[in-house]
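Here the structure comes first, spelled out in structure tokens, and everything after it is commentary.
The values are calculated or read from the model by the stated rules, or taken from the named source; none is laboratory data. Predicted, not measured: the structure shown is a model, and the values here were computed from it. Here the Cβ positions follow ideal geometry from the backbone for every residue, glycine too, while neighbour counts run over all protein chains shown. Please note that ligands, DNA and RNA were not included when accessible areas were found on the heavy atoms of the full protein model with its side chains. Shrake-Rupley method; radii C 1.70, N 1.55, O 1.52, S 1.80 Å.
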Amino acid sequence: MPALTKSPLRPRAAGAVSHAVRLRSWPHPYPAALAICNDIDCTTWPDFLEIHRFLNTTRSTPFGDGLGLPIGDSYWLYTVRPDNDPGFAYFDELDGRPSPLAPRMRELMHAGVLNVLHTYGNFSQRGGFRRYHAERAAAELNRWNVHPLVWVNHGDCHNFQNIHGPSTGETFAGGRKHRCGTDGVPVANLEYHLDITHRLGIRYLWVHELVQDIGQDRPLSAWEHHLRGNAIKTDRWLRRDAKEVARAWLDRNGHGVPRGMVDNRLLRQHPLDPGPFYRFRRFGRFGPDCMSHLPLLLADAQLDALADSGGVMILFAHLGKRPEPTLPVFTTEAANALRGLARRHHEGNLYVETTSRLLYYVTVRDHLEWSVQDAGDHVIIDIKQVCDPVIGTFRPRVNDLAGICFEVRGEKPPAVRLSGRPTLAAQVERKGRTYFAQFPPNKLDVGDLLE
């Protein structure tokens, strides 16, 4: 279970150690983290390129110099409504024939720009998804060694491929092997694909859960949730929050959360078979989630509150949606909001990362096993393994530890070992009497992929 409190400033191993060591919540010097989890709806290929040139590169764009931010995107493999939604897809038709964009999309998948599977495709209004669509898609992605970690539900009730959550109904059939007919007799679900999707590599699911408390994975009292939550007001928010405050004071939510606190975890295990999976929640509200709402979603007061909270935000957005397709992909106000986010990131005030990498980082951070010992002139930090109930137990490689940072207070510098062997991958920096031993965060290298 992801920790709801910051790591204490102490070693994790028994024995006399003269230095205080803790695993930081976020890479140094960032106090909090954010990912923009964008749904690709209504985004044409030219618009996608223009959006990400501004977000990912530092080149000159129609909106000024690019921001150099590690912001990724989602993608579809199929679409049945090219007349209604101009969004692009990997396959040309439902028969599984790759489109002319497929090679470029694969390059962007390998680079980490396309890193969220926004279901297998856009089947809104018409439906038509069947299990064999998932089989064809998985075979194609496996062929090119593409294994997405993150799944995000999409669209209306015709997207039967969606995976159900705690409060979603029978319409979401992608995770159900059977459904009941009108006579109550179970019948096979033609849209079931969860076993295929799990084998493909998906471990994180978004199943339509949105929150409006700024900063998850940090302590959240019921009173704060009631008085300061709902940054974007919804209908009946007072009634809903009053019930949640009462529930928080009456019980412990069944998750070891103290009485009077709200369960504010980013990741929760999602009991589906086959599994296991995590489900995560995004920050936002259905409606004010488009490009023109970025000044609201990325307002200074909101980002200040996130930094102060020490938590994490997975922002729900549709960057490709705008009132008229002839308008620029970013208004001046939206570009300025993104520019403010970039400034915070580059100045070390807010850690920005792609959705897939940020979710994986939180998983590794919260389930990393390590120990500390004094050794002559150094403090030895020995990273042993990651023991996670969803990803599994494994010995991490350097790439798995990207962003992981240990804070060491004392005079002796730290030295990091990986499974008992010294590693130089962790960079050591000293500030006053504090050392930081950190595996550098991965860079989002787009090269010429957006040209």
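Structure data summary
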quantity	calculated
Total residues in segment 8-54, condition in a loop (DSSP other than H, G, I, E, B), at pLDDT 95 or above and among the charged types (D, E, K, R)	2
Hits in segment 250-288 - residues which are of a type in the set (Gly, Ala, Ser), modelled with pLDDT of 85 or more and touching a strand residue (DSSP E or B) at 6+ places or on another chain (Cβ under 9 Å)	Gly275, Gly284
Pro271, sole failed condition from (1) touching a residue at least 24 places away in the same chain (Cβ under 8 Å); (2) open to solvent by 10 Å² or more (accessible area, probe 1.4 Å)	(1)
Residues (under 30 Å from Asp263 (Cα atoms), part of a loop (DSSP other than H, G, I, E, B) and open to solvent by less than 20 Å² (accessible area, probe 1.4 Å)) located in segment 305-363	Gly310, Gly311, Leu319, Gly348, Leu350, Glu353, Thr354
Failed item, numbered, when Asp382 is tested on (1) open to solvent by 50 Å² or more (accessible area, probe 1.4 Å); (2) part of a strand (DSSP E or B)	(1)
Which numbered condition Gln385 fails, given (1) within 19 Å of Arg24 (Cβ to Cβ); (2) in contact with a strand residue (DSSP E or B) (Cβ under 7 Å, 6 or more places away or on another chain)	(1)
Residue match in segment 54-69 (condition: of a type in the set (D, E, K, R), within 27 Å of the chain's Cα centre (by Cα) and open to solvent by 20 Å² or more (accessible area, probe 1.4 Å))	yes
Test: residue in segment 88-95 that is more than 30 Å from Asp304 (Cα to Cα) and in contact (Cβ under 8 Å) with a residue 60 or more places away in the chain	no
Subset of segment 164-186 (residues that are surrounded by 13 or more Cβ atoms within 10 Å (Cβ to Cβ) and either out of contact with any Ser or Thr (no Cβ under 8 Å at 6 or more places or on another chain) or among the aromatic types (Phe, Trp, Tyr) (or both))	His164, Gly165, Thr168, Thr171, Phe172, Ala173, Gly175, Arg176, Arg179
Enumeration of residues in segment 401-415 that are under 23 Å from Pro31 (Cα atoms) and out of contact with any helix residue (DSSP H, G or I) (no Cβ under 6 Å at 6 or more places or on another chain)	Leu401, Ala402, Ile404, Cys405, Phe406, Glu407, Val408, Arg409, Gly410, Pro413, Pro414
Strands (runs of 3 or more DSSP E) (entirely within segment 410-451) containing at least 1 residues that are without any contact (Cβ under 8 Å) to a residue 60 or more places away in the chain and open to solvent by less than 50 Å² (accessible area, probe 1.4 Å)	414-418, 434-438
Checklist (1) among the charged types (D, E, K, R); (2) within 22 Å of Asp85 (Cβ to Cβ); (3) in contact with a Gly (Cβ under 8 Å, 6 or more places away or on another chain) applied to Arg322, failing item	(3)
Residue tally, condition without any contact (Cβ under 8 Å) to a residue 24 or more places away in the chain and in a strand (DSSP E or B), over segment 385-409	5
Qualifying positions in segment 122-138 - at pLDDT 95 or above and either of a type in the set (Phe, Trp, Tyr) or part of a strand (DSSP E or B) (or both)	Tyr132
Hits in segment 196-213 - residues which are surrounded by fewer than 17 Cβ atoms within 10 Å (Cβ to Cβ) and part of a helix (DSSP H, G or I)	Arg199
Residue match in segment 141-155 (condition: among the basic types (Lys, Arg), at negative phi, part of a loop (DSSP other than H, G, I, E, B) and surrounded by fewer than 19 Cβ atoms within 10 Å (Cβ to Cβ))	no
